[in-house]
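Worksheet: one structure, shown below.
The values are calculated or read from the model by the stated rules, or taken from the named source; none is laboratory data. Values in this document were obtained by computation on a predicted structure and should not be read as measured data. Note that we place each Cβ from the backbone using ideal geometry, even for glycine, and neighbour counts take in every protein chain shown. Side chains are part of the model used for accessible areas, which takes the heavy atoms of the whole protein and leaves out ligands, DNA and RNA. Shrake-Rupley method; radii C 1.70, N 1.55, O 1.52, S 1.80 Å.
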Amino acid sequence: MISNKKDEKDITQKDLNKIFWRSFQMEFSWNYERQMNLAYAYAIAPILKKIYTNNHLELKKALKRHLEFFNMTPWIVTLMLGISVVLEEGNKKMENLMKTQ
């Protein structure tokens, strides 16, 4: 069972709205090498900063993970961002669970 600690911050609707508004950069920061990776990392950065507040090394790894090749039609990229948020949040909770055992 995953404990619900106070030091873990929950993702709010305000955080998801930030991602939504930042996702508009997908069409403007396209490059040939990795397509839309910069805008994707830019859009998800506030959530990653909130999830990995205490560990800068983990934040660096997460940002690097999201700077890999990414290409998708800009109109549905928010779906992928939402899935990434859920996976990152689950990754952090699982990591915390493994540390307590």
Selection count where residues are open to solvent by less than 60 Å² (accessible area, probe 1.4 Å) and in a helix (DSSP H, G or I), scope region 55-71: 4
Can you tell me which residues in region 16-54 are touching a residue at least 40 places away in the same chain (Cβ under 8 Å), assigned to a helix (DSSP H, G or I) and open to solvent by less than 80 Å² (accessible area, probe 1.4 Å)? LEU16, ILE19, SER23, MET26, TYR40, ILE44, ILE47, LEU48, LYS50, ILE51
Looking at LEU87, LEU97 in this structure, which one is open to solvent by 50 Å² or more (accessible area, probe 1.4 Å), among the aliphatic types (A, V, I, L, M) and part of a helix (DSSP H, G or I)? LEU87
